[in-house]
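Structure, as structure tokens:
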Amino acid sequence: MNLCDFLHVNQDCPVCGEPLTLYMQVLDGPLWKALRPNSSIWHFEQFKVKDEELKEDDFFFLTDKGHLFDIDFSSAKVYQKSKTWNLFFFFMCNEDGFEDTPHEGYGINPYTACYYRSTPFLEFKQNTNQDWRLTLQSEFDPIEGSVRDEIFTFKANQKNGNEKVYVLNTDYEVKSTILRYYTVSPEERRDKYFDPKVFRKDLPLLNVRPNFDLANRSQLISRFDSWILMS
């Protein structure tokens, strides 16, 4: 897997067009959020879930060279820690999609997050030139391409004020597509404890990626409605 391919697929949300933010999650470890001081550098700082053995201001950064990335760490401690990391990167549209949870540290609410895309599991390894590179984690099954899964959330307003919500999850690891659908009223949207009754349709991995362009949004919603009516 080439991380460059993942980062260069798109950096704007295919649902709403807003810029995406890049994160890196260490399994059973910290969450890192990327800032971009310029177009060629991804500067990662700890965010929400942190490693108590690292300093608050520790960081690492990736320098984009087009086809590969150089990796630099703020301290020897971060460098040594990175040797033990199993990790994955993900893009997300709306930071408000993070929800605090008592044990895991956070969860992600697709309704608010709008869009999510993740890599397969990775680890830092030195290659034959002793360069420090990200490679596929050998304990996990390989996945064709650079994307492990994508989640898209689309919303359509109705005349009565209710909202139709469609959540499309494309999982390239298990080669499946899941469509979830529910409706929500204005009162329910204001209730943070609202638990919708969700319709779920399981599909095989789509052979053709749907057209997510804003100009095609009504046709896409109609396609979702057809899938639901056929169930």
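The values are calculated or read from the model by the stated rules, or taken from the named source; none is laboratory data. This one's a predicted model, so the numbers in the text were calculated from it and none came from an experiment. Virtual Cβ from ideal backbone geometry, glycine too; neighbours counted across all protein chains shown.
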- Query: Inside region 71-113, can you point out the residues that are touching an Asp or Glu at 6+ places or on another chain (Cβ under 8 Å) and in contact (Cβ under 8 Å) with a residue 60 or more places away in the chain?
  - Reply: Asn86, Leu87, Cys93, Asn94, Tyr106
- Note on the structure: Listed by range, strands (runs of 3 or more DSSP E) wholly within region 123-221 having at least 1 residues that are among the hydroxyl-bearing types (Ser, Thr, Tyr) are 132-136, 149-157, 163-171, 176-184
- Query: Across region 87-120, which residue is modelled with the lowest pLDDT among those that are surrounded by fewer than 16 Cβ atoms within 10 Å (Cβ to Cβ) and touching a strand residue (DSSP E or B) at 6+ places or on another chain (Cβ under 6 Å)?
  - Reply: Gly105
- The one condition in (1) modelled with pLDDT of 90 or more; (2) surrounded by 14 or more Cβ atoms within 10 Å (Cβ to Cβ); (3) assigned by TED's automatic domain parsing to the domain that holds Ser222 that Glu188 fails to fulfil: (1)
- Those residues of region 8-20 that are buried (at least 18 other Cβ atoms within 10 Å of the Cβ) and under 18 Å from Phe47 (Cβ atoms) come to a total of 1
- Task: Just one of (1) touching a residue at least 12 places away in the same chain (Cβ under 8 Å); (2) under 28 Å from Leu87 (Cα atoms) trips up Tyr166, so point out which.
- Result: (2)
- Task: Output the qualifying pairs, or none if there are none: Cβ atoms under 9 angstrom, residues six or more apart or on different chains, first residue in region 10-37 and over 24 Å from Glu104 (Cα atoms), second residue of a type in the set (Val, Ile, Thr) and surrounded by 15 or more Cβ atoms within 10 Å (Cβ to Cβ).
- Result: Val15/Thr153
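Identify, from the list Lys48, Lys81, the residue that is within 20 Å of Asp131 (Cα to Cα) and either in the same structural domain as Tyr172 (by TED's automatic domain parsing) or at pLDDT 90 or above (or both).
Lys81
Identify, from the list Leu31, Leu3, Leu7, Leu27, the residue that is hydrophobic (A, V, I, L, M, F, W, C) and more than 25 Å from Lys77 (Cβ to Cβ). Step through it out loud before you land on a result.
Numbers: Leu31 fails: more than 25 Å from Lys77 (Cβ to Cβ); Leu3 fails: more than 25 Å from Lys77 (Cβ to Cβ); Leu27 fails: more than 25 Å from Lys77 (Cβ to Cβ).
Exactly one of Leu31, Leu3, Leu7, Leu27 is hydrophobic (A, V, I, L, M, F, W, C) and more than 25 Å from Lys77 (Cβ to Cβ), namely Leu7.
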- By residue number, the members of region 8-35 that are among the aliphatic types (A, V, I, L, M) and in a strand (DSSP E or B) are Leu22, Met24, Val26, Leu31, Ala34, Leu35
- The one condition Pro102 fails out of (1) assigned to a loop (DSSP other than H, G, I, E, B); (2) not polar (S, T, N, Q); (3) not assigned by TED's automatic domain parsing to the domain that holds Tyr79 is (3)
- Task: Just give me the residues in region 72-91 being within 21 Å of the chain's Cα centre (by Cα) and of a type outside the set (S, T, N, Q), in sequence order.
- Result: Trp85, Leu87, Phe88, Phe89, Phe90, Phe91
